[in-house]
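Asker: So that we are looking at the same thing, I have put the structure below in structure tokens.
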Amino acid sequence: MTELMLKYFRTKQQEAQSERVYESQCPFCSMQCKMQLLEQQVVSRTSYKTVGKDNPTTQGRLCVKGMNAHQHAFHRDRLMQPLLKRNGEFVPISWSEALEKIKTHFTDIQEEDGLDALSVYGSASLTNEEAYLLGKFARVGLKTKHIDYNGRLCMSSAATGANQSFGVDRGFTNSLQEIPRTRCIMLAGTNIAECQPTIMPYFEQAKENGAYIIAIDPRETATTDIADLHLKNKPGTDVVLASALLKIIIEEDLIDKEFINNRVQGFEEAAHEVSLLDLEECAFATGVPKDQLYQAAITFGQEESGMIFTARGIEQQLDGTEAVRSFINILLATGKIGRPYSGFGAVTGQGNGQGAREHGQKSDQLPGYRSIENEADRKYIAHLWEVEEKELPRKGVSAYEMFEEIDRGKITGMLVMCSNPLISNPNANFIKKSLQKLKFLVAVDMFLSETAELADLVLPASSYLEDQGTMTNVEGRVTLREASYPLPGKVKHDWQIICEIASVMGKSDQFSYQSPEEIFNELRIASRGARADYYGITYEKIRKDEGVLWPCPELEHNGTARLFEEEFAHQDGKARMAVLNKGIGTPKEKTSDAFPLFLTTGRVMSHYLTGEQTRKSPSLAARHIESFMEVHPDTAEKYNLKDQMLVRVTSEHGGIIVRCRRSKNIRKDTVFVPFHWGGDQNVNRLVSGELDPFCRMPGFKLTTVKVEPALARSV
Ligand SMILES: Nc1nc2c(c(=O)[nH]1)N[C@H]1C(S)=C(S)[C@@H](COP(=O)(O)OP(=O)(O)OC[C@H]3O[C@@H](n4cnc5c(=O)[nH]c(N)nc54)[C@H](O)[C@@H]3O)O[C@H]1N2
Ligand SMILES: Nc1nc2c(c(=O)[nH]1)N[C@H]1C(S)=C(S)[C@@H](COP(=O)(O)OP(=O)(O)OC[C@H]3O[C@@H](n4cnc5c(=O)[nH]c(N)nc54)[C@H](O)[C@@H]3O)O[C@H]1N2
Ligand code: SF4
Ligand SMILES: [Mo]
């Protein structure tokens, strides 16, 4: 090798060694995989790579979304400065101009339409600190009762169901470590293989150890593939299905009488109700053969330990709360909770789906799961926030209902932070009309999302690489997302943006934080003594222990891995079984001649929620460049739909056009469309705005539709 070549390679080596490492956590799902961004400078080119980092929840694993997350963070479409809409066009403005605009418009709205005319729409992708601060901002900074968040569309039925049955809501009652040693697992309406991929090894180990896995899903998915038994039910029939399983368990005497006597209320009533069911009718209503119902019930009842996991398949229903409770009923009757290798898990969705539902973004809630209608809770928080108790607003309305309030002219201004409601809310055509009615809409986002495009003012927010804070993951573990990547352009952190808006609204004293840690220390006090007690958790402790499972009431406390070992969280320490007066086969949506098929909606592995982030990543977008409708070949034949053809899907509420994908994986009476795309592919144009009466969750998983070749109409 010549001297020159040697020199060249040496320089290359040195350049390659100029590598920087940035700590972070994945911006997507509830696994909150720990990751590192490697930034390499080779000559004048910077290249990036994301690698996993060991941690107690995911042991260094990443899925394809995590590996490519940096692609959207560095995308050229990242917003770099505030944008103001002038004559229909966005123009860049300074932060001081932006804040001045907010002050003028928000104050005008408050004077013209009243304090409750302003509203805040938050997110469970925010850190705990930001979620907490946003709740305080609405009540103290803007003095409005109108705040809610995207988690309402996600886990509100799981939360309400768990609260009603157990008295508290932490998604998983056990840590993930217990899964490999359980004997029987029920996966109801969850597609963990595509939605929480790095959780899979826990279930695969359970299977290797001999666990029997039962999946309940109208489709065959990568998750149902690991099941020993797949109950391929009609969408929306999970309450009947779970009640039928309970009936069989009771009739076969597979219940735990001692546990019921000591720890459960309402068994007799619930048992009586399910005894009235006719199993033939249940089989017909659910579309699951009777022998499969028996097989599932008897196996689950007989095994010495068992766990049930639910997700949006059973929860995003107009009877979602009841569906959650009907599965918990099975655990309570068989005594499979509060002891090793037995328990419940409503699989959390968003990165901070757990923490962001605990600290006051919900319309009826104060931090730590305190209630905004409880006098003692109000007093405690008012004191901490240095306001008069009577100044604290009362409860407002849920996410979708805020758009109804806009339509009625009651809400005239909105701040949306970290959400894209135009794509994610049901009845999308109505949502668009509502958003357009607002006098002033502010969107805080990393991109000009479909919602941000309708805004009057858009503020640029930092990404997961830049923004430090805590996130509570799928198992209830409070983790610290270390983030140190420099802020690009004029971008600010969400918590800084909240503080700056509060300041121009005259509340600088209550919003003068200098760091996320300072906010967290206030959150610890706000949650002290409440159900989601974070008081004993500090940044230092999270760093030392690699996360802490709440509740953690004292500094000396090590956190709580398994809930309900001694008692449930209701006053008398007992759990409540639900009496489900559903009768048979009564989902609200029924097929008709006009709309002969069920539509259910959900996700694919490579895209995340409204797709605003993952559609920007070339590696992820390439896997699914557009939406599609999964349909059984026999059904496709019946409606003249060829594979790959564009099809029009129409419901009572609107229409979309997507690509046809024939597949034997789905029931013949059901079609499936993911919701990661906007415009003419926005499946939420089809979904109705009706809500679950207990938790105000929309019925994303059940709509009735008709399908036809897209071009047939236009010729
Ligand atoms: N790749 C990816 N991962 C994600 C997300 C993402 O967008 N993409 N989002 C994250 C978030 S926020 C969430 S909430 C979770 C969601 O995670 P999941 O709830 O697991 O995901 P979904 O695809 O919405 O629905 C799960 C399954 O429910 C089935 N299903 C539909 N209708 C019914 C029914 O009536 N009964 C039953 N039993 N099953 C039914 C669907 O066929 C689907 O396979 O995933 C998180 N992880
Ligand atoms: N049909 C149907 N609809 C559904 C569902 C379904 O299964 N079917 N699932 C529902 C569920 S479970 C959920 S969770 C919702 C989610 O619904 P959304 O909250 O609307 O979904 P996202 O795509 O996460 O929107 C986040 C937005 O915030 C931006 N963003 C990302 N990170 C940050 C940040 O750190 N700060 C700020 N300020 N902005 C940021 C992104 O660019 C994006 O525009 O959708 C619901 N809608
Ligand atoms: S999407 Fe979820 S499973 Fe995949 S890397 Fe991110 S946090 Fe982990
Ligand atoms: Mo979600």
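The values are calculated or read from the model by the stated rules, or taken from the named source; none is laboratory data. Bear in mind that the values here come from a model prediction, so they are computed numbers and not experimental data. With ideal geometry, Cβ positions are generated from the backbone for all residues, glycine too; neighbour counts draw on all protein chains shown. All accessible areas refer to the heavy atoms of the entire protein, side chains included, with ligands and DNA or RNA removed. Shrake-Rupley method; radii C 1.70, N 1.55, O 1.52, S 1.80 Å.
Asker: Go through the range 701-715 and report how many residues are open to solvent by 10 Å² or more (accessible area, probe 1.4 Å) and either within 16 Å of ligand 1 (Cβ to nearest atom) or assigned to a helix (DSSP H, G or I) (or both).
Answerer: Qualifying residue count, the range 701-715: 7.
Asker: Quick one: count up the residues across the range 121-152 that are more than 16 Å from ligand 3 (Cβ to nearest atom) and either basic (K, R) or open to solvent by 10 Å² or more (accessible area, probe 1.4 Å) (or both).
Answerer: 6
Asker: Looking only at the range 335-370, how many residues end up being part of a helix (DSSP H, G or I) and within 16 Å of ligand 1 (Cβ to nearest atom)?
Answerer: Counting residues in the range 335-370 that are part of a helix (DSSP H, G or I) and within 16 Å of ligand 1 (Cβ to nearest atom) gives 3.
Asker: Identify, from the list A222, A206, A159, the residue that is touching a Pro at 6+ places or on another chain (Cβ under 6 Å) and either farther than 22 Å from S305 by Cα or not assigned by TED's automatic domain parsing to the domain that holds M31 (or both).
Answerer: A206
Asker: Given the condition surrounded by 24 or more Cβ atoms within 10 Å (Cβ to Cβ) and touching a Pro at 6+ places or on another chain (Cβ under 7 Å), answer yes or no: does some residue in the range 326-348 qualify?
Answerer: Checked the range 326-348: no residue is surrounded by 24 or more Cβ atoms within 10 Å (Cβ to Cβ) and touching a Pro at 6+ places or on another chain (Cβ under 7 Å).
Asker: Name every residue in the range 513-524 that is closer than 26 Å to F568 by Cβ and either of a type outside the set (A, V, I, L, M) or open to solvent by 30 Å² or more (accessible area, probe 1.4 Å) (or both), in order of residue number.
Answerer: R524
Asker: Let me ask something additional. Which residue, of E194, E178, is acidic (D, E), away from ligand 1 (no atom under 14 Å from the Cβ) and in a helix (DSSP H, G or I)?
Answerer: It is E178.
Asker: In the set Q295, Q317, Q302, which member is within 16 Å of ligand 2 (Cβ to nearest atom) and either out of contact with any Ser or Thr (no Cβ under 6 Å at 6 or more places or on another chain) or open to solvent by 10 Å² or more (accessible area, probe 1.4 Å) (or both)?
Answerer: Matching residue, one of Q295, Q317, Q302: Q317.
Asker: Here's a follow-up. Looking at A158, A138, A131, can you tell me which residue is more than 23 Å from P27 (Cα to Cα) and within 16 Å of ligand 2 (Cβ to nearest atom)?
Answerer: A138
Asker: For the list (1) over 19 Å from V416 (Cα atoms); (2) open to solvent by 50 Å² or more (accessible area, probe 1.4 Å); (3) in a helix (DSSP H, G or I), I need the number of the one condition that Q71 fails.
Answerer: Only one criterion is unmet by Q71, namely (2).
Asker: Then there is this: Is it the case, given these coordinates, that T224 is surrounded by 15 or more Cβ atoms within 10 Å (Cβ to Cβ), within 18 Å of S326 (Cβ to Cβ) and either away from ligand 3 (no atom under 16 Å from the Cβ) or small (G, A, S) (or both)?
Answerer: Criteria not met by T224.
Asker: For the range 675-695, name all the residues that are away from ligand 4 (no atom under 16 Å from the Cβ), assigned to a helix (DSSP H, G or I) and in contact with a helix residue (DSSP H, G or I) (Cβ under 7 Å, 6 or more places away or on another chain).
Answerer: R685
Asker: For the range 242-272, enumerate the residues that are closer than 21 Å to C282 by Cα, open to solvent by 20 Å² or more (accessible area, probe 1.4 Å) and in contact with a strand residue (DSSP E or B) (Cβ under 9 Å, 6 or more places away or on another chain).
Answerer: none
Asker: Could you tell me whether any residue of the range 567-577 is surrounded by fewer than 17 Cβ atoms within 10 Å (Cβ to Cβ), polar (S, T, N, Q), on the phi < 0 side of the Ramachandran plot and at pLDDT 95 or above?
Answerer: Yes, the conditions are met somewhere in the range 567-577.
Asker: Could you identify the single residue in E404, E358, E375, E388 that is more than 14 Å from ligand 2 (Cβ to nearest atom), buried (at least 23 other Cβ atoms within 10 Å of the Cβ) and modelled with pLDDT of 95 or more?
Answerer: E358
Asker: Given the options R170, R183, name the one that is under 24 Å from N209 (Cβ atoms) and either at pLDDT below 95 or in the same structural domain as K207 (by TED's automatic domain parsing) (or both).
Answerer: Every option except R183 fails the conditions.
Asker: All but one of (1) open to solvent by 20 Å² or more (accessible area, probe 1.4 Å); (2) touching a Ser or Thr at 6+ places or on another chain (Cβ under 8 Å) hold for S484; state the number of the condition that does not hold.
Answerer: (2)
Asker: Now a separate question. Regarding L118, is this residue more than 16 Å from ligand 1 (Cβ to nearest atom), surrounded by fewer than 24 Cβ atoms within 10 Å (Cβ to Cβ), in contact (Cβ under 8 Å) with a residue 60 or more places away in the chain and not charged (D, E, K, R)?
Answerer: In short, no.
Asker: Would you mind stating whether G368 is in contact with a helix residue (DSSP H, G or I) (Cβ under 6 Å, 6 or more places away or on another chain), on the phi > 0 side of the Ramachandran plot and buried (at least 24 other Cβ atoms within 10 Å of the Cβ)?
Answerer: yes
Asker: Determine, yes or no, whether T286 is farther than 30 Å from Q25 by Cα, outside the structural domain of F700 (by TED's automatic domain parsing) and among the hydroxyl-bearing types (S, T, Y).
Answerer: For T286, the condition - farther than 30 Å from Q25 by Cα, outside the structural domain of F700 (by TED's automatic domain parsing) and among the hydroxyl-bearing types (S, T, Y) - is met.
Asker: Have a look at Q164, Q110 and point out the one that is free of Cβ contacts under 8 Å to residues at least 40 places away in the same chain, open to solvent by 10 Å² or more (accessible area, probe 1.4 Å) and touching a helix residue (DSSP H, G or I) at 6+ places or on another chain (Cβ under 8 Å).
Answerer: Just a single option satisfies the conditions, and that option is Q110.
Asker: Could you say whether any residue in the range 621-638 is touching a helix residue (DSSP H, G or I) at 6+ places or on another chain (Cβ under 7 Å) and without any contact (Cβ under 8 Å) to a residue 40 or more places away in the chain?
Answerer: Yes; the residues of the range 621-638 include at least one that is touching a helix residue (DSSP H, G or I) at 6+ places or on another chain (Cβ under 7 Å) and without any contact (Cβ under 8 Å) to a residue 40 or more places away in the chain.
Asker: Still on this structure: Which condition number in (1) assigned to a loop (DSSP other than H, G, I, E, B); (2) acidic (D, E); (3) in contact with a helix residue (DSSP H, G or I) (Cβ under 8 Å, 6 or more places away or on another chain) is the one that E373 fails?
Answerer: Single failed check for E373: (3).
Asker: Say we look at the range 17-51 and pick out the residues that are assigned to a loop (DSSP other than H, G, I, E, B) and of a type in the set (A, V, I, L, M, F, W, C); which of these is farthest from N128 (Cα to Cα)?
Answerer: V43
Asker: So, of the residues in the range 228-239 that are aliphatic (A, V, I, L, M) and open to solvent by less than 10 Å² (accessible area, probe 1.4 Å), which turns out to be farthest from ligand 3 (Cβ to nearest atom)?
Answerer: Step by step, filter the range 228-239, then rank; the result is V239.
Asker: Look at the range 487-497 and say how many of its residues are open to solvent by 40 Å² or more (accessible area, probe 1.4 Å) and not in a loop (DSSP other than H, G, I, E, B).
Answerer: Number satisfying all stated conditions: 2.
Asker: Another one. Return the only residue of R615, R659 being of a type in the set (K, R), under 30 Å from R78 (Cα atoms) and either open to solvent by less than 60 Å² (accessible area, probe 1.4 Å) or part of a helix (DSSP H, G or I) (or both).
Answerer: After applying the criteria, what remains is R615.
Asker: Do the conditions hold for G529, that is, is it at positive phi and open to solvent by less than 60 Å² (accessible area, probe 1.4 Å)?
Answerer: Here the answer is no, as G529 does not meet what is asked.
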